[in-house]
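Throughout, read-outs are computed from the coordinates displayed, never taken from laboratory work. Just so it is clear, the structure is predicted and the values come from calculations on it, not from any experiment. Because the Cβ atoms are built from the backbone with ideal geometry, glycine has one as well, and the counts that use them run over all protein chains shown.
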Amino acid sequence: MSAYSSVAELLALSDRLDLPLWKTVQTVDCAGQSMTAEESFAAMQNLLSVMRSTDKNYDPSQRSVSGLSGGDGGKMDAYIASGRSISGPLVGRMIAAALRMGECNACMKRIVAAPTAGACGVLPAVLIPCGEALCLPEEKLVEALYVAAGIGEVIAQRASISGAESGCQAEIGSASAMAAAAVVHLRGGTKEQMANAAALALKSLLGLVCDPVGGLVEVPCIKRNVIGAVNALTAAEMSLAGIESRIPPDEVIDAMREVGDMMPAALRETAQGGLAATPTAQNR
Ligand code: SF4
């Protein structure tokens, strides 16, 4: 059992310990796993290295066994390189990174399930390009991973991070909330802004169903990583601008759980509804 089961408790603990949010998450994690802060930091740094290495070694010629995915990350890279991107280099790089990581997962490459394999592209697609754009040291990105982990921990405890349980809102939605809080950390925002960014990101993806074509984590999963990443950035930007979620973070998380509970089984990873039930998906 974690020392916190709500975002409010996490923020209060951070106040009580007089530690930044990332350090609070790390402190609780170390106590729970009987490891030192240095060991914990090294383990988190290793996760970031895996993200970087998989991103770097993406092969645009590779296709998944099903043939449903592969190559889109390369198309996006080429489009960005052409200078024709409307959204600019940062968002373009984020889109490409999310596609690349999702495709790597479909091609059985090493990924970091943060919080799940299906949503593995969101955090790296936000952290790596934003870290580069802001010229941040590696340590800052590792700290941001702790912030993301803290938000993910609360969502897992209060609601779910499983598409089979609560739909894609629990996977891509949770990853987006985690990434939004992480971006606020990268930009030096307050812990309240981090929590608020998570709420803004999660509420924007509330109700998202889990409908993988053929039951494979490829369509629509890979492209949903893109929306999860961009949604995280916009939520963080709003939060840093002082825009608040009218519904507090914990209530948004609870609402996500309730929406998940109301979702029919056909829309919870069974591949019986949504996009999985379309004629094209059925006739593939
Ligand atoms: S559609 Fe389902 S399997 Fe795909 S990422 Fe979303 S929750 Fe995961």
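Just wondering, is there one or more residues in region 37-45 that are free of Cβ contacts under 8 Å to residues at least 24 places away in the same chain and either closer than 21 Å to A106 by Cβ or of a type in the set (V, I, T) (or both)? Write out each step before concluding.
Residues of region 37-45 free of Cβ contacts under 8 Å to residues at least 24 places away in the same chain: 37-40, 42-43.
Narrowing the set further to residues that are either closer than 21 Å to A106 by Cβ or of a type in the set (V, I, T) (or both) leaves none.
No, region 37-45 has no match at all.
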- request: Could you please tell me which pairs satisfy a Cβ distance under 6 Å, a separation of 6+ or placement on different chains, a first residue in region 183-205 that is closer than 18 Å to I155 by Cα, and a second residue that is of a type outside the set (G, A, S) and not in a helix (DSSP H, G or I)?
  value: N196/E244
- prompt: For region 265-284, how many residues are surrounded by fewer than 16 Cβ atoms within 10 Å (Cβ to Cβ) and within 14 Å of Q169 (Cβ to Cβ)?
  reply: 0
field: Single residue of region 228-251 satisfying the filter (over 19 Å from M263 (Cβ atoms) and within 16 Å of the ligand (Cβ to nearest atom)) that is surrounded by the most Cβ atoms within 10 Å (Cβ to Cβ)
entry: A232
message: Please go through region 254-273 and give me each residue that is under 14 Å from S166 (Cβ atoms) and within 12 Å of the ligand (Cβ to nearest atom), ordered by number.
response: G260, M263, L267, R268, E269, T270
- prompt: Hey, among V226, V154, which residue is under 30 Å from P279 (Cβ atoms) and out of contact with any strand residue (DSSP E or B) (no Cβ under 9 Å at 6 or more places or on another chain)?
  reply: V226
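Could you tell me which residue of region 150-161 is farthest from the ligand (Cβ to nearest atom), considering only residues that are in contact (Cβ under 8 Å) with a residue 60 or more places away in the chain and of a type outside the set (A, V, I, L, M, F, W, C)? Don't jump to the end; show me each part of the working.
Of the residues in region 150-161, the ones in contact (Cβ under 8 Å) with a residue 60 or more places away in the chain are 150-151, 153-155, 157-160.
Keeping just the survivors that are of a type outside the set (A, V, I, L, M, F, W, C) gives 150, 153, 157-158, 160.
Numbers: G150: 22, E153: 19, Q157: 19, R158: 18, S160: 10 Å.
In this case the residue turns out to be G150.
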